[in-house]
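One structure is given here, and the rest of the page talks about it.
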There are 2 protein chains.
Amino acid sequence: MNLYVINFKGQTTVEELMNPEKGSPGAAEDMEAAESFIQQAMEIILQEAVKKATNVKEKVCEWRSPEQLKELLDLELKDTGESESKILQCCRDTIRYSVKTGHPRFFNQLFAGMEPHSMVASFITEAIKTSLYTYEMAPVFTLIEDALLKTMMKLIGWEEGGDGLFNPGGSMSNMYAVNLARYRYCPDFKEIGIYASPRLVMLTSQEGHYSLAKAAALLGFGTKNVYVGAVPFFVNATAGTTVLGAFDPIDEIADICEKHNLWLHVDACWGGGALVSKKHRHLLKGIQRVNSVAWNLHKMLMATLQCSAFLVRDKSCLLQRCHCAGASYLFQQDKFYDVSYDTGDKSVQCSRKPDAFKFWLVWKAVGTRELEYRVDRALALARYLAQEIKKREGFRLVIEPEFANVCFWYIPPSLRNLPESPELWKKLHTVAPAVKERMMKSGSMMIGYQKHGVKPNFFRMVVISPQVSRQDLDFVLDEIHSLGKDL
Amino acid sequence: MNLYVINFKGQTTVEELMNPEKGSPGAAEDMEAAESFIQQAMEIILQEAVKKATNVKEKVCEWRSPEQLKELLDLELKDTGESESKILQCCRDTIRYSVKTGHPRFFNQLFAGMEPHSMVASFITEAIKTSLYTYEMAPVFTLIEDALLKTMMKLIGWEEGGDGLFNPGGSMSNMYAVNLARYRYCPDFKEIGIYASPRLVMLTSQEGHYSLAKAAALLGFGTKNVYVGAVPFFVNATAGTTVLGAFDPIDEIADICEKHNLWLHVDACWGGGALVSKKHRHLLKGIQRVNSVAWNLHKMLMATLQCSAFLVRDKSCLLQRCHCAGASYLFQQDKFYDVSYDTGDKSVQCSRKPDAFKFWLVWKAVGTRELEYRVDRALALARYLAQEIKKREGFRLVIEPEFANVCFWYIPPSLRNLPESPELWKKLHTVAPAVKERMMKSGSMMIGYQKHGVKPNFFRMVVISPQVSRQDLDFVLDEIHSLGKDL
């Protein structure tokens, strides 16, 4: 029996409610039932989604096909609710059949590991349930976002500051950059559209993230105007490409952009983490010269999803002028406090989550030195893995790693003595998908794979989490061989 | 001392790590310290952000100016981390000075109240930390999103289904509608941009949400093409306007749109909640005829932020075709399972949060009947408040409420005997901001205000939460009088 619902329903019908002789519902008892439910769920989360999910002896995933999973979970939504015990079981099942991204053997994406401070900060932002439109609605989070953005700008090297926002993901942050560049190129476009404009062209490398193409389509330029065309107005440099982890030479690109007055944006969603490391920040040399930066703290720096900053060096309120709509019910100008703390109109969203808190608390708790140590450690582990790959028979690096991406082929014994030929590449192309299927079904680890240009499918291993040890990396190579040696 | 950090740092330097004679860090002890920290924080969240934050005897907010708050909080991020006890104090302070949106006297936005199931589901999505690109990364959440979208489509009346996605907020959902309408009008625009196109025009009412203007600017049409122009391709009808809670007549608009083959989108971000109510769903009569719907479950239906669905009636994969970029590292076509479960390429985002779970769990737990009861109850309370306003001296309705928005003026005694004149309106215009300032500083409740066209500032009271009683509404009117009677 779900007390929380029974009380809501049992106390007052809507008709009774309108009868002034009748009372209001028993909010106190409702709250007690609600609190007890939350407390029980917190215990499940702690046991299943924290302790068990990060235990190396447990599986990374319990693979079920869509059909199997639909049978295991009772997904149907009905007229009447379910009991508290059934709902708690739903919570357990949801955790059980979800991928454990905090597991030491999860290497499938550009995020991994469990950061306890960020997890706690996420719980708080969810419990507080507010949005960053205005200072009055989110006083603490407004100041925290400001503090974190300023600290990030210092790391970038913008000594005189700038502006910025946290967004739901790096694709959005990159899109902001394109829109600001267009607005700076011609502010009239905001009102009249780009119909009368010359064909505008965005420049990026072949390895740039697909969000640039999505931005071009959404913003009305068309994806064909990302590479070639008439009037370039926007250049994207990538600091840490998705597959290979490569860095564009920012300083050299900045020389050209300054000469031609082009907006230079750096997509540092993945590689931005290197900025906290004295040893590795040279990878982004010149970043202080660019117009804007997208930097996801949920990738290398392990904040919970999503924690994505867009930073702009401009200090002329471009972000506000480009995006403002001036809604009167939120952005009243006759408020009793300094309305420059109302950041909401800088955003293309209306409600916007206080994501900055999810990393501010991490940074506060561990300090810049520990962040540096974590990045250095992840990159040292990536180097270790690359060395091991070079030593082992049947493994071959695709490219010497520049960052935390280690791309390699596994060549099963049956293919090792074949001459290098299109036929070999064609066979090799089927190896990674086959190993991945067995990996998922055994649940021992998760690593991504893809083809790249003419190169056949290879594994992309990403090392991020300080919870990963050398033993875990040795295990990865042993396990790939064990899963694929008969192919 | 923060054990979690000390262990990370103390066990292995990066140099030691690369030395094969040395071991790996003590992950087990680290995890124990992390779990203990999370457990302590959960207790704080339960006490401060759940129990205390929803207690009617506590304040809705503890107002501090930006300058005061900066002094109270130590926002600076340093080279070295802070102790565990200091971080837990940061958590307490963050909760303390944040607005308590779950408090029974919070009426400031189109969201309010504390929904325990949604809060729990949010904690789980944060702990699981995954993204809805692919089925392999989010098997449970992919199926849950699908199940929830299908149930919502049934409520809308799309008997043959359709397609959809959850997005970070209603502004994004509305933007999806504009982009799909443009894509349907001319699929070539995705590649070649809109340079060569006739001036495209979006139609919406004066009361439509500002996200439509933001979409017009971002998508390259220009905000001036929202009302007038050459080739209309998109019509937005609003079901529940932000300020007044008014509903456009969908059936009548659909007649015209069908005749001219215009894309009809309904922004039901706010009013969509009425679809669960047999008594009130007539407000959206005709919604089954439209092309797309934006519906925020975090508003009237109380999911945690954000839980915003975009639904499209099309069954020709328009969402996929319009937004796909086909990233090879995520959307490999040689996977071992049915890749139609990989929903990521339908989105303009790359990583996308499993927001659907935050409402699926609510629905599962309470059932459709209870959702209906909650909506009916909120609307009955809104009617009660409107009746009280009519009875009380010094209060005046701006408009008879159609939904849960109750808009009214408070006229202090000093203005009550003045004749209706521009001078009276000018004085009345200053009353709401002054009462709001006193309200925030006392922390007794939160209600929004705004001007509207030529109408001077009025209060917009929004009744959502079933935790609100008639007594709370009586209190609101008493308190406004008490705060403003000397003005």
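Of note:
- Criterion applied to B:369, B:392, B:416, B:396 was being touching an Asp or Glu at 6+ places or on another chain (Cβ under 7 Å), over 18 Å from residue B:142 (Cα atoms) and charged (D, E, K, R), and the one residue passing it is B:369.
- Those residues of region B:441-487 which are in a loop (DSSP other than H, G, I, E, B) and under 24 Å from residue B:300 (Cβ atoms), in sequence order: B:445, B:463, B:464, B:465, B:466, B:467, B:468, B:469
- Selection from region B:77-103 of residues that are at the interface with chain A (Cβ under 7 Å from one of its Cβ atoms) and farther than 18 Å from residue A:135 by Cβ: B:77, B:78, B:79, B:80, B:81, B:82, B:87, B:90, B:91, B:102
- Of the residues making up region B:28-84, just one is charged (D, E, K, R) and touching a Ser or Thr at 6+ places or on another chain (Cβ under 6 Å), namely B:79.
- Filter result for residue B:414 (open to solvent by 50 Å² or more (accessible area, probe 1.4 Å) and either of a type in the set (Gly, Ala, Ser) or on the phi > 0 side of the Ramachandran plot (or both)): yes
- Residues located in region B:385-397, provided they are within 13 Å of chain A (Cβ to nearest Cβ) and either in contact with a His (Cβ under 9 Å, 6 or more places away or on another chain) or open to solvent by 30 Å² or more (accessible area, probe 1.4 Å) (or both): B:387, B:391
- Among the criteria (1) in a loop (DSSP other than H, G, I, E, B); (2) over 30 Å from residue A:337 (Cβ atoms), the one residue A:187 does not fulfil is (2).
Here's the yes/no breakdown for (1) on the phi > 0 side of the Ramachandran plot; (2) facing another protein chain (nearest Cβ under 9 Å); (3) in contact with a Pro (Cβ under 8 Å, 6 or more places away or on another chain):
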position: A:170; (1), (2), (3): no, yes, no
position: A:184; (1), (2), (3): no, no, no
position: A:198; (1), (2), (3): no, yes, no
position: A:213; (1), (2), (3): no, yes, no
position: A:221; (1), (2), (3): no, yes, no
position: A:229; (1), (2), (3): yes, no, no
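- From B:57, B:51, B:78, B:100, residue being outside any loop (DSSP other than H, G, I, E, B) and open to solvent by 10 Å² or more (accessible area, probe 1.4 Å): B:51
- Count of region A:205-220 residues, restricted to those that are touching a residue at least 40 places away in the same chain (Cβ under 8 Å) and either closer than 10 Å to residue A:236 by Cβ or assigned to a helix (DSSP H, G or I) (or both), is 8.
- Taken together, the criteria place residue B:374 among residues that are open to solvent by 10 Å² or more (accessible area, probe 1.4 Å), at pLDDT below 90 and of a type outside the set (A, V, I, L, M).
- Residue A:255 over 28 Å from residue B:321 (Cβ atoms), assigned by the TED database to the domain that holds residue A:290 and crowded, with 22+ Cβ neighbours inside 10 Å: no
- Test: residue in region A:424-445 that is of a type in the set (Val, Ile, Thr) and closer than 30 Å to residue A:280 by Cβ: no
- Applying the condition of being within 22 Å of residue B:51 (Cβ to Cβ) and polar (S, T, N, Q) to region A:29-48 and asking which residue is surrounded by the most Cβ atoms within 10 Å (Cβ to Cβ) yields A:40.
Listed here are the residues, each with its yes/no results for (1) free of Cβ contacts under 8 Å to residues at least 40 places away in the same chain; (2) open to solvent by less than 10 Å² (accessible area, probe 1.4 Å).
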{"residue": "B:229", "(1), (2)": "yes, no"}
{"residue": "B:251", "(1), (2)": "yes, no"}
{"residue": "B:286", "(1), (2)": "yes, yes"}
{"residue": "B:293", "(1), (2)": "no, yes"}
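- Here residue B:126 meets the list (1) over 17 Å from residue B:301 (Cα atoms); (2) open to solvent by 10 Å² or more (accessible area, probe 1.4 Å) almost entirely, failing just condition (2).
- Any hit, region A:126-137, residues being touching a Lys or Arg at 6+ places or on another chain (Cβ under 9 Å), under 22 Å from residue A:367 (Cα atoms) and in contact (Cβ under 8 Å) with a residue 60 or more places away in the chain: no
- Residue A:329 meets all of the listed conditions (1) open to solvent by 30 Å² or more (accessible area, probe 1.4 Å); (2) in contact with a helix residue (DSSP H, G or I) (Cβ under 6 Å, 6 or more places away or on another chain); (3) facing chain B (nearest Cβ under 9 Å) but one, namely (2).
- Test: residue in region B:448-460 that is free of Cβ contacts under 8 Å to residues at least 24 places away in the same chain, of a type in the set (Ser, Thr, Tyr), open to solvent by less than 40 Å² (accessible area, probe 1.4 Å) and closer than 27 Å to residue B:246 by Cβ: yes
- Filter result for residue A:465 (within 17 Å of residue A:103 (Cα to Cα), within 27 Å of the chain's Cα centre (by Cα) and either more than 11 Å from chain B (Cβ to nearest Cβ) or open to solvent by 10 Å² or more (accessible area, probe 1.4 Å) (or both)): no
- Residues of region B:428-443 that are open to solvent by 20 Å² or more (accessible area, probe 1.4 Å) and in contact with a helix residue (DSSP H, G or I) (Cβ under 6 Å, 6 or more places away or on another chain): B:438 alone.
Yes/no per residue for (1) touching a Cys at 6+ places or on another chain (Cβ under 6 Å); (2) at pLDDT below 85:
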position	(1), (2)
B:223	no, yes
B:231	no, yes
B:235	yes, yes
B:240	no, no
B:253	no, no
B:270	no, no
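- Close pairs from region A:46-62: first at the interface with chain B (Cβ under 9 Å from one of its Cβ atoms), partner part of a helix (DSSP H, G or I) and small (Gly, Ala, Ser), Cβ under 6 Å, at least 6 apart: A:49/B:127
- Unmet requirement for residue B:299, which otherwise passes all of (1) modelled with pLDDT under 80; (2) in a loop (DSSP other than H, G, I, E, B): (1)
- Residues that are under 23 Å from the mean Cα position of the chain (by Cα) and facing chain B (nearest Cβ under 7 Å), drawn from region A:123-137: A:123, A:124, A:126, A:127, A:128, A:129, A:130, A:131
- Among the residues of region B:66-75, the ones that are in contact with a helix residue (DSSP H, G or I) (Cβ under 7 Å, 6 or more places away or on another chain) and under 21 Å from residue A:154 (Cβ atoms) come to 4 in all.
- Matching residues, region B:302-318, being among the small types (Gly, Ala, Ser) and outside any strand (DSSP E or B): B:303, B:316
- Filtered residues of region B:381-421 (kept if within 20 Å of residue B:105 (Cβ to Cβ), polar (S, T, N, Q) and part of a helix (DSSP H, G or I)): B:387
The values are calculated or read from the model by the stated rules, or taken from the named source; none is laboratory data. Computed from a prediction, not measured in an experiment: that's the story for all the values here. Reconstructed Cβ throughout: ideal geometry from the backbone, glycine too, with neighbour counts over all protein chains shown. The protein model used for the area step is the full one, side chains on, heavy atoms only, and it has no ligands, DNA or RNA in it. Shrake-Rupley method; radii C 1.70, N 1.55, O 1.52, S 1.80 Å.
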